[in-house]
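The numbers here are math on the coordinates, done by the rules we state, and not lab data. Remember, it's a predicted structure, so these values are computed and weren't measured experimentally. Positions of Cβ are backbone-derived with ideal geometry, glycine not excepted, and every protein chain shown enters the neighbour counts.
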Amino acid sequence: MGLRVLLFLGICCSISWCTAQNSHYKEDFPDKITLRLALQTTSNSFTLRDKITRNKTEFIPNDKSYLGLSILFRFLEVDLGYAPNFLSENKDNGDSKLITFNIRTFFGQYMQTIDYYKQKGFFIRTQDITLPIDDLKTLKIGGSSSYIFNPDFSFRAIGFQNEWQKQSVGSFIPSITYYYTKFKLEDPLIENQLEKSFKMAIGPGYYYNWIFDENYLLSAGATGGLGFNYSSTDGKNSFNGLAQLVFRMTGGYNSESFFGGVNINTQLLSHTSDENFILDDSISFLEFYVGYRFDAPKKWIAKADEISRKFGIE
């Protein structure tokens, strides 16, 4: 019954076009364009664990630091990340590659994210050996649909910085998460090679923003969830249960024009398989960012007002 209630709430949230209202708890910037420049480290790693022998095989990306550029205006955020070779952490990474792309939109208190991760170059680590595998590739596309129950709580202030949280407040935030992942793990050490998978999970979450001296913020929160995983291994399909855990922590400074801080985010999707294996699919993210807000062109403001009135987008 609990899962059905959560699913019903998620569906209601996805079709809700309510408009969040400003309050003394937060300040938004509807006539500003926000630019963010960030130094980020992120990766999508995988661990195969044998439920019987307890042995595990880890696929660890050859981590890169990359530059992230974000442009935010009203209801839309676009992020682009790329790992340039001139950064010292990337010079010894061989032919490893990492490209990320994210889009995030807000419809009142409803938040939608779309994520894209493409990476190449891993280390494979077992109980006995650790080897570089340059030809291992993964492609992940997906995102999440969330609903922020408390309109005074600003999720934008902890992840996207196009709002300013003025007073301490928290919110219950349930989410539906879904990811499609395609693998190319052509390695003789692995007998059963996972080719593709689709994961979906739904569950509750809670986040809280603590405000110090108006300009300083510390935020923490987590999202749990249960769902399913559908995967294909050597042409054989399987359908299994899935558990999800997301943790986020943010600290930073905010003002009318300038902001900066650090974001930490970890997401774990874990499921069993028909071959007595457990696959842990984890995404880790660390970001140091600075940004600035400036006036948007009047034509942009007029067009955004038109779209907001027509579709109820914030």
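Ranked by the mean number of other Cβ atoms within 10 Å of their residues, highest first, the peptides 156-163, 279-286, 48-55 fall in the order 156-163, 279-286, 48-55. Trp164 sits among other residues whose Cβ lies under 12 Å from its own Cβ, and their net charge, with Lys and Arg +1 and Asp and Glu -1, is 0. When both the range 231-295 and the range 92-170 are represented by their alpha-carbon centers, they are found 5 Å apart.
Note on Asn55 and Ser232: the extension gain reaches 61.5 nm, defined as 0.36 nm multiplied by sequence separation minus the Cα-Cα distance.
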